[in-house]
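Here's the structure we're looking at; comments come further down.
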Amino acid sequence: MIVVIDFGSQFNQLIARRVREHNVYCQVEPSDISISRIKALNPKGIILSGGPSSIYEKDSPSIDKSLFDLGVPVLGICYGMHYMVHVLGGTIQQARKKEYGFAMLQIKADSPLFKDMPSTFQCWMSHGDSAGILPSGFEITASTKNTDIAAVAHHGKQFYGLQFHPEVEHSVNGALMIKHFLFDVCGCEKNWTMASFSDGAIAQIKEAVGDKKVIMGLSGGVDSSVAATLIHKAIGKNLYCIFVDNGLLRHNEKAQLEKRLVANLDMNIQFVDASQIFLDALKGVTDPESKRKIIGNLFIQVFDAEAKKIPGAAFLGQGTLYPDIIESKSAFGGPTSIIKSHHNVGGLPEKMKLKLIEPLQLLFKDEVRKLGKTLGLPEDLIWRQPFPGPGLAIRIMGDITPRRLDILKQTDTILLEEIRNAGFYRKLWQSFAVLLPIKSVGVMGDKRTFANCVAIRAVTSNDAMTADWARLPHELLGKISNRIINEVDDINRVVYDITSKPPGTIEWE
Ligand code: XMP
């Protein structure tokens with residue numbers, strides 16, 4: 001395995017992704033990790049991430065410098081390189097000119113990282129400092145126009161530094177440099193596959209849970225379904241899943257989940273129809289935050305009541321993913337991000353005094369999808385777009401009534417059908433309809449109408465932190481609009497949302 005030391009870079013997850021793409025396991029650890037813990041992890045190599053700090057700043061992140069005595073190869077990226085140069089006796093200075101964006105890299109000396117690469121190619125820079133005097137034993141292996149020391153190497157000790165960011169796609173050959181570091185420098189083996197992960201995880205769950213019972217909330221989404229499937233493989237009927245139907249799901253959602261998980265996997269799932277309770281509580285509520293609070297609290301109440309019917313449950317299964325865990329341990333992660341990682345089900349674990357089982361906590365989203373495939377889950381479940389916990393409630397602007405819910409469900413079904421038929425479903429992060437709280441005038445047949453307006457939202461994104469509105473073909477948008485107006489009563493206008501995030505959010509409430 002490879003350990004990535006997090007010095008606060010916005011790209012540290014990307015570094016981990018790049019390593020895992022080569023089937024090498026890798027873990028991101030905070031910079032205050034102890035050397036004994038690193039030794040216990042027994043890494044084949046260490047990557048020091050970049051970070052926003054300047055090395056001479058007070059409180060800039062650091063790591064015990066005996067790291068460099070472990071006899072393990074080290075790759076320092078940007079701040080990581082500055083840190084290595086600094087603690088090994090070199091100097092760091094303010095760059096002649098801040099460098100942000102593309103630069104042409106000129107290879108100056110042999111380095112295993114640059115094996116089989118041309119002598120000049122594009123890299124991506126983002127730095128205000130650069131190395132000045134190098135520690136003894138180091139040499140410059142590449143430069144750019146603005147930065148003489150764009151890459152360094154101490155071949156004897158296998159220490160390498162890159163001023164640019166190889167993990168970012170704009171750095172041509174960046175992924176290849178990481179590959180060379182993993183295999184040519186560190187001698188890693190390609191043994192991180194979803195099949196090996198799955199076998200290990202099942203064994204670990206068996207050992208941790210023994211013959212006790214695990215309860216778990218299913219949302220119908222990818223993460224909870226994959227986590228439940230893994231736990232089910234480990235402990236079978238001792239897994240008790242609870243699916244709360246809050247009445248705010250998309251059309252057919254419950255039936256599909258029933259088919260996918262109960263029929264396919266023979267899983268123990270209790271379906272609780274709580275839709276009336278939720279709809280009653282939401283009557284007349286128009287404020288988005290109030291809607292969320294009501295739904296969140298009711299979910300806990302309903303889940304808790306159902307879980308009490310399962311005597312002797314000792315564990316709560318959750319589909320927490322690695323990005324949440326990394327965030328909670330990040331060099332700059334405060335208490336709030338720690339809370340976030342363990343509150344996916346709104347504070348349930350504390351309330352219920354259960355231990356957590358989070359079998360996906362080392363995986364990224366795309367790895368979860370691969371795992372789902374390895375576990376034999378159907379493609380339509382694996383590729384399901386994310387759906388928010390409060391469901392359609394935050395896609396009905398204003399008052400939620402059974403009639404308005406029905407209008408939105410019909411609209412949403414048509415939209416998804418057309419998006420799927422046009423081959424866009426997997427390409428989009430999310431696509432959905434929003435029912436607006438306004439009516440507008442139209443003509444249908446020879447009659448004047450005064451009816452509802454829906455907005456279509458379709459976005460591309462990697463992580464929902466930022467998103468762009470999807471450039472869907474006009475023909476497709478035309479077809480969607482036409483079908484919605486013709487097939488859904490009480491809608492006479494369809495608009496397309498062309499707002500990115502930021503400044504907008506993906507959802508409307
Ligand atoms: P926004 O609207 O903040 O959404 O850009 C980012 C992503 O989060 C989803 N979302 C939620 N998911 N509970 C959830 O489980 C929520 O309350 C919630 N609000 C937003 C949203 O669908 C998008 O993928």
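The values are calculated or read from the model by the stated rules, or taken from the named source; none is laboratory data. All of these numbers come straight from a predicted model, not from anything done at the bench. As a convention, Cβ positions derive from the backbone with ideal geometry for all residues, glycine included, and neighbour counts pool all protein chains shown. Accessible surface is based on the protein model in full, side chains and every heavy atom, while ligands, DNA and RNA are left aside. Shrake-Rupley method; radii C 1.70, N 1.55, O 1.52, S 1.80 Å.
Please go through segment 383-420 and pick out each residue that is more than 16 Å from the ligand (Cβ to nearest atom), more than 27 Å from residue 474 (Cβ to Cβ) and hydrophobic (A, V, I, L, M, F, W, C).
405
For residue 97, indicate whether it is exposed (fewer than 13 other Cβ atoms within 10 Å of the Cβ) and of a type in the set (Lys, Arg).
yes
Hey, which of the helices (runs of 4 or more DSSP H) in segment 359-459, taking only ones fully inside, have at least 2 residues that are in contact (Cβ under 8 Å) with a residue 24 or more places away in the chain, open to solvent by 10 Å² or more (accessible area, probe 1.4 Å) and farther than 24 Å from residue 471 by Cα?
365-374, 402-421
Report, ordered by the first and then the second residue, all pairs with beta carbons closer than 7 Å, sequence separation of six or more or different chains, a first member in segment 487-509 that is under 24 Å from residue 406 (Cβ atoms), and a second member that is assigned to a loop (DSSP other than H, G, I, E, B) and within 15 Å of the ligand (Cβ to nearest atom).
506/464; 507/388; 508/397; 509/397
Would you kindly identify the strands (runs of 3 or more DSSP E) lying entirely within segment 83-148 that contain at least 3 residues that are over 19 Å from residue 179 (Cα atoms) and aliphatic (A, V, I, L, M)?
92-107
If you check 84, 104, 1, which single one turns out to be at pLDDT 95 or above and under 22 Å from residue 364 (Cα atoms)?
When all the criteria are applied, what remains is 1.
May I ask you to verify whether residue 460 is within 16 Å of the ligand (Cβ to nearest atom) and of a type in the set (Ser, Thr, Tyr)?
Judged against the criteria, residue 460 is a match.
For segment 348-357, check the following and say yes or no: at least one residue is part of a helix (DSSP H, G or I), more than 25 Å from residue 247 (Cβ to Cβ), of a type in the set (Asp, Glu) and within 20 Å of the chain's Cα centre (by Cα).
Scanning segment 348-357 turns up no residue that is part of a helix (DSSP H, G or I), more than 25 Å from residue 247 (Cβ to Cβ), of a type in the set (Asp, Glu) and within 20 Å of the chain's Cα centre (by Cα).
Quick one: is residue 167 open to solvent by less than 10 Å² (accessible area, probe 1.4 Å) and more than 30 Å from residue 251 (Cα to Cα)?
So residue 167 passes the test.
Specify which of the listed residues (203, 175) is under 28 Å from residue 360 (Cα atoms) and either part of a loop (DSSP other than H, G, I, E, B) or not assigned by TED's automatic domain parsing to the domain that holds residue 70 (or both).
Step by step, each of 203, 175 is checked, and only 203 is under 28 Å from residue 360 (Cα atoms) and either part of a loop (DSSP other than H, G, I, E, B) or not assigned by TED's automatic domain parsing to the domain that holds residue 70 (or both).
Please specify each residue of segment 460-509 satisfying the condition of being under 30 Å from residue 324 (Cβ atoms), part of a strand (DSSP E or B) and of a type in the set (Ser, Thr, Tyr).
460
Can you tell which of 293, 283, 308 is open to solvent by 20 Å² or more (accessible area, probe 1.4 Å) and within 14 Å of the ligand (Cβ to nearest atom)?
Selected residue: 293, the only one of 293, 283, 308 that is open to solvent by 20 Å² or more (accessible area, probe 1.4 Å) and within 14 Å of the ligand (Cβ to nearest atom).
Being open to solvent by 30 Å² or more (accessible area, probe 1.4 Å) and without any contact (Cβ under 8 Å) to a residue 40 or more places away in the chain is the filter here, so list the residues in segment 224-242 that pass it.
232, 237, 238
Residues are listed down the side, and each one gets a yes or a no for (1) open to solvent by less than 30 Å² (accessible area, probe 1.4 Å); (2) over 18 Å from residue 75 (Cα atoms); (3) of a type in the set (S, T, N, Q); (4) touching a helix residue (DSSP H, G or I) at 6+ places or on another chain (Cβ under 7 Å):
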position	(1), (2), (3), (4)
179	no, no, no, no
199	no, yes, no, no
209	yes, yes, no, yes
222	yes, yes, no, yes
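Scan segment 464-487 residue by residue and report those that are hydroxyl-bearing (Ser, Thr, Tyr) and surrounded by 15 or more Cβ atoms within 10 Å (Cβ to Cβ).
481, the sole residue that qualifies.
Among the residues of segment 486-507, which ones are farther than 10 Å from residue 454 by Cα and away from the ligand (no atom under 16 Å from the Cβ)?
Once the filter is applied, which keeps residues that are farther than 10 Å from residue 454 by Cα and away from the ligand (no atom under 16 Å from the Cβ), segment 486-507 yields 486, 487, 488, 489, 490.
Could you tell me which residue of segment 343-361 is nearest to the ligand (Cβ to nearest atom), considering only residues that are modelled with pLDDT under 85, in contact with a helix residue (DSSP H, G or I) (Cβ under 8 Å, 6 or more places away or on another chain) and within 18 Å of residue 231 (Cα to Cα)?
Once the filter is applied, the top-ranked residue is 344.
Residues 5, 35: which one is open to solvent by 10 Å² or more (accessible area, probe 1.4 Å) and among the β-branched types (Val, Ile, Thr)?
Step by step, each of 5, 35 is checked, and only 35 is open to solvent by 10 Å² or more (accessible area, probe 1.4 Å) and among the β-branched types (Val, Ile, Thr).
Determine, yes or no, whether residue 155 is surrounded by fewer than 17 Cβ atoms within 10 Å (Cβ to Cβ), assigned by TED's automatic domain parsing to the domain that holds residue 88 and within 33 Å of the chain's Cα centre (by Cα).
Here the answer is no, as residue 155 does not meet what is asked.
Every residue, every condition in (1) under 29 Å from residue 222 (Cα atoms); (2) out of contact with any Lys or Arg (no Cβ under 8 Å at 6 or more places or on another chain); (3) modelled with pLDDT under 95, yes or no:
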| site | (1), (2), (3) |
| --- | --- |
| 431 | yes, no, no |
| 440 | no, no, no |
| 447 | no, yes, yes |
| 451 | no, no, no |
| 456 | yes, yes, no |
| 473 | yes, yes, no |
| 478 | no, yes, no |
| 482 | no, yes, no |
| 492 | no, yes, no |
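Being within 24 Å of the chain's Cα centre (by Cα) and not aliphatic (A, V, I, L, M) narrows it down to one of 323, 288, so name that one.
Going through 323, 288 in turn, the sole match is 323.
Residue by residue through segment 55-67, note down the ones that are closer than 12 Å to residue 92 by Cα and either open to solvent by 30 Å² or more (accessible area, probe 1.4 Å) or among the basic types (Lys, Arg) (or both).
Hits for segment 55-67 are 56, 57.
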